[in-house]
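See structure below.
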Amino acid sequence: MAFRPDITEQLARARADLRMGVPIVFLGPRPVLVFAAETLTAQRLADLLALGGDPVLVITARRAATLKARAYDGDLARVMLPDDTTPRWVQSVADPADDLRSPMKGPLICARGGDATPHRAALSLIKSARLLPAALVLDLNDAIGFAEQHGLTTLDLATALPVLASRSPLKPIVHARLPIEVSDAGRLHIFRPDDGGEEHYAIEIGRPDRSKPVLTRLHSACFTGDILGSLKCDCGPQLRAALAQMGNEGHGVLLYLNQEGRGIGLANKMRAYSLQDQGFDTVEANHRLGFEDDERDFRLGSDILKSMGFSSVRLLTNNPRKVEMMAASGIEVAERVALKVGGNRHNHDYLATKAAKSGHML
């Protein structure tokens, strides 16, 4: 019988647990107990410390660089907990909100040596749950018995790693006619990943010829810009201009990917905005949070296009990375179509940073 959840379903369950503050267990040569730092409660921290051992606070190398902590493991640092660890201390290391008010976090002593594979997997899982990339990790002896005693989700590390490193297949769910302002001949396609993550959408204008390059926009969801008309970015104007151009030409495909805030989620995006208010640019803010410049996976767009029968595009973008991704994923970019709209006095520095640090052709 196929009632037992497979590893993809177990990972979805683990993400939900971590978002609610419930720990999970990675099984393997070095079994560990994992908490998401962002959702850790005072009681669970006290219970964790009562277990003994040497728990560590795992942060990314980007966050470690901000805190002047040694990332001996290359892409991450395992910060030893002080004897008087409190939830406030954990939060101050994980979250840069008070970095300027309280810049001295340490000295932070970091572990070195030993296998950091489960710690790396913990950060990857927590990132995919759209939480701050920081984890409390403790080695366990009788991991299976401990998990059964406390009703915790367990994940086999060796089985989970390749799934965490890959993108989930997308399945077409439904499509239906949707007249919109720019075209009566609109059609909305819904795609759903197998891993329980966010759905992604394709808005098809007209009936594009599958044998010719289709005018395409690869657009990442932006609640603040697309819905609220935020002036801090150019997303809303780009969305509307792309649809308008497709309407004028009578055909096109707008891929709407739910990768808010360059793939870090809306809550973390607002944290980045708060840091920008303190004087950091958009890239610096992402780094202080512990993220890379851009955490999005644009290959999702090529997956959707192939599913819809397209193999060549005229890509509406200023981002060379999108062009490179399309080509690397088997979609020919016959033409890059510039999309320079939405500049204003509030986002001048933001656009300048995108050009200088992310190579956008503005």
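The values are calculated or read from the model by the stated rules, or taken from the named source; none is laboratory data. The structure displayed is predicted, hence computed values, not measured ones. Reconstructed Cβ throughout: ideal geometry from the backbone, glycine too, with neighbour counts over all protein chains shown. For the accessible areas, the whole protein counts, side chains as well, though only heavy atoms, and no ligand, DNA or RNA atoms are used. Shrake-Rupley method; radii C 1.70, N 1.55, O 1.52, S 1.80 Å.
Taking segment 30-86 as the range and being open to solvent by less than 10 Å² (accessible area, probe 1.4 Å), in a helix (DSSP H, G or I) and either closer than 21 Å to Pro96 by Cα or small (Gly, Ala, Ser) (or both) as the test, the residues that pass are Ala37, Leu45, Arg63, Ala64. Meeting the requirement of 3 or more residues that are under 30 Å from Gly206 (Cβ atoms) and within 19 Å of the chain's Cα centre (by Cα), the helices (runs of 4 or more DSSP H) wholly within segment 266-362 are 299-307, 320-328. One residue stands out in segment 176-202 among those that are free of Cβ contacts under 8 Å to residues at least 60 places away in the same chain, in a strand (DSSP E or B) and open to solvent by less than 70 Å² (accessible area, probe 1.4 Å): the one that is nearest to His251 (Cα to Cα), namely Gly186. Taking the numbered list (1) open to solvent by 10 Å² or more (accessible area, probe 1.4 Å); (2) within 30 Å of Glu9 (Cβ to Cβ) in turn, His219 passes all entries but (1).
Applying the criterion of being in contact with an Asp or Glu (Cβ under 6 Å, 6 or more places away or on another chain) and not small (Gly, Ala, Ser) to the residues of segment 112-140, the residue that is farthest from Arg288 (Cα to Cα) is Leu131. The residue that is modelled with the lowest pLDDT, counting only those in segment 1-16 that are open to solvent by 100 Å² or more (accessible area, probe 1.4 Å) and basic (Lys, Arg), is Arg4.
Among the candidates Gly330, Gly279, single out the residue that is surrounded by fewer than 20 Cβ atoms within 10 Å (Cβ to Cβ) and either farther than 25 Å from Thr216 by Cβ or polar (S, T, N, Q) (or both). It would help to see each step written out before you state the result.
Details: Gly330 fails: either farther than 25 Å from Thr216 by Cβ or polar (S, T, N, Q) (or both).
Result: Gly279 is the single residue among Gly330, Gly279 that is surrounded by fewer than 20 Cβ atoms within 10 Å (Cβ to Cβ) and either farther than 25 Å from Thr216 by Cβ or polar (S, T, N, Q) (or both).
Just to be sure before I move on: is Asp234 at negative phi, touching a helix residue (DSSP H, G or I) at 6+ places or on another chain (Cβ under 7 Å) and crowded, with 21+ Cβ neighbours inside 10 Å in the structure I sent?
Details: at negative phi: yes; touching a helix residue (DSSP H, G or I) at 6+ places or on another chain (Cβ under 7 Å): yes; crowded, with 21+ Cβ neighbours inside 10 Å: yes.
Yes.
Selection within segment 265-276: residues that are touching a residue at least 40 places away in the same chain (Cβ under 8 Å) and among the aliphatic types (A, V, I, L, M). The member of this set that is least open to solvent (accessible area, probe 1.4 Å) is Leu275.
Please pick out the residue among Gly261, Gly229, Gly309 that is on the phi > 0 side of the Ramachandran plot and buried (at least 21 other Cβ atoms within 10 Å of the Cβ). I'd like the intermediate steps shown before the answer.
On the way: Gly229 fails: buried (at least 21 other Cβ atoms within 10 Å of the Cβ); Gly309 fails: buried (at least 21 other Cβ atoms within 10 Å of the Cβ).
From the options Gly261, Gly229, Gly309, the qualifying one is Gly261.
Does Arg262 satisfy being under 16 Å from the mean Cα position of the chain (by Cα) and in contact (Cβ under 8 Å) with a residue 12 or more places away in the chain? Spelling it out, Arg262 is indeed under 16 Å from the mean Cα position of the chain (by Cα) and in contact (Cβ under 8 Å) with a residue 12 or more places away in the chain. Counting just the residues of segment 333-360 that are touching a Pro at 6+ places or on another chain (Cβ under 7 Å) and under 30 Å from Asp277 (Cβ atoms), which one comes out surrounded by the fewest Cβ atoms within 10 Å (Cβ to Cβ)? The residue in question is Gly359.
Name the single residue that is surrounded by the fewest Cβ atoms within 10 Å (Cβ to Cβ) among those in segment 143-175 being in a loop (DSSP other than H, G, I, E, B) and modelled with pLDDT of 95 or more. Residue satisfying both the conditions and the ranking: Gly151.
Going through (1) of a type outside the set (S, T, N, Q); (2) assigned to a strand (DSSP E or B); (3) open to solvent by 20 Å² or more (accessible area, probe 1.4 Å) one by one, Val253 falls short only on (3).
Name the single residue that is farthest from Pro96 (Cα to Cα) among those in segment 17-29 being surrounded by fewer than 16 Cβ atoms within 10 Å (Cβ to Cβ) and not small (Gly, Ala, Ser). Talk me through it step by step, then tell me what you get.
Applying the first criterion (surrounded by fewer than 16 Cβ atoms within 10 Å (Cβ to Cβ)) to segment 17-29 yields 19-21, 29.
Now narrow it down to the ones that are not small (Gly, Ala, Ser): 19-20, 29.
On the way: Arg19: 19, Met20: 21, Pro29: 33 Å.
The qualifying residue farthest from Pro96 (Cα to Cα) is Pro29.
Of all residues in segment 216-256, those satisfying the criterion of being of a type in the set (Gly, Ala, Ser), more than 21 Å from Leu266 (Cβ to Cβ) and out of contact with any strand residue (DSSP E or B) (no Cβ under 6 Å at 6 or more places or on another chain) are Ala241, Ala244, Gly250.
This table checks each residue for (1) over 27 Å from Glu199 (Cα atoms); (2) at pLDDT below 95; (3) not basic (Lys, Arg).
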{"position": "Gly265", "(1), (2), (3)": "no, no, yes"}
{"position": "Thr282", "(1), (2), (3)": "no, yes, yes"}
{"position": "Arg296", "(1), (2), (3)": "no, yes, no"}
{"position": "Pro320", "(1), (2), (3)": "no, yes, yes"}
{"position": "Asn344", "(1), (2), (3)": "yes, yes, yes"}
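May I ask you to verify whether Ser102 is part of a helix (DSSP H, G or I) and either open to solvent by 20 Å² or more (accessible area, probe 1.4 Å) or not hydroxyl-bearing (Ser, Thr, Tyr) (or both)? No; evaluated as a whole, the condition is false for this residue.
Restricting Arg299, Arg321 to residues that are open to solvent by 40 Å² or more (accessible area, probe 1.4 Å) and closer than 15 Å to Leu170 by Cβ narrows the list to Arg299.
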